[in-house]
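Student: Can you read through this structure? Questions will come right after.
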Amino acid sequence: MGISDLRDDVAQSIENAKADLDKALAELERIPTVEPAALSFVAHAMGNYMNVTGAVLDLLTNALGDHPDAEVRQWLEGLHHLLDMTHQTVARLLRVYEPKQMPLQFDHMKLEVLMERACAYHRRSAAQKQIEIVCRTAGYVPQVWADRVAVAVVADNLLSNAIKFSNPGGRIDVQIMPSPGGAVCSVADHGPGLTPLMQAQIFERGSITERRPFGAEAAGGYGLVVAKAFIDRLGGRLWSDSEPGKGACFSFRLPYRAPEGVARES
């Protein structure tokens, strides 16, 4: 297939997508309310679809990344940007969603693998502020028992906050380590840090702190509330260690297995 044929196919696909979107928006206007369970299901499904799309896009980039036609490379960059925007949209959707209503799907998972993927994704936005993200695993870490989407939302919140509150040219250290009964992940920045009062309030719904991002990023403070709600439901713990002027470190612990006598959610 030639480049011109490929362009025609892409153009036709875009037209078809626009038509499908117009139809979906028309149908959406007929829906009076959104059911929480349906919202959760769609968010989970979109996450799965994006993972598959991202894997295919990586394969295409490896195969066509050095294509002689610059327009092909531009299309690939555009698709990467589109995927990033979709990831951010779903992340925002899950942030405003009430965590206690979201049904969880527990499974054994490698925390270090999920965190490395989250770091790889956020390195793109961190690079815009010349911020380095370093992810390390200390020794062998057994698999944890958790919901992958919930942990991904927690990782997104902690890494997003670390980037927001880091000085340009700074560094974010992510470490995953084993502990008795569970794995611990820490995300540390070298920003302005937190006062004791801020640390006492930062996980409370509706709390407002004086901490402000270095850039123009929005920081409503709800991300940490959502993250703690998810970690609590996963049977874990989320906490912070910080001093003013010395950065902040947010850590969470997830169990290796479901607690005795506790039913496994699904």
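The values are calculated or read from the model by the stated rules, or taken from the named source; none is laboratory data. Keep in mind that this is a model prediction, so the values were computed, not measured. Each accessible area value is taken on the protein alone, full model and side chains, heavy atoms only, with ligands, DNA and RNA left out. Shrake-Rupley method; radii C 1.70, N 1.55, O 1.52, S 1.80 Å.
Student: Report, by residue number, each residue of the range 43-87 that is among the aliphatic types (A, V, I, L, M), modelled with pLDDT of 70 or more and open to solvent by 80 Å² or more (accessible area, probe 1.4 Å).
Tutor: If the condition is that a residue be among the aliphatic types (A, V, I, L, M), modelled with pLDDT of 70 or more and open to solvent by 80 Å² or more (accessible area, probe 1.4 Å), then L59, L82, M85 are the ones that fit.
Student: Under the condition of being β-branched (V, I, T), open to solvent by 20 Å² or more (accessible area, probe 1.4 Å) and in a helix (DSSP H, G or I), which residue from the range 98-155 is modelled with the lowest pLDDT?
Tutor: Checking each candidate, the answer is V149.
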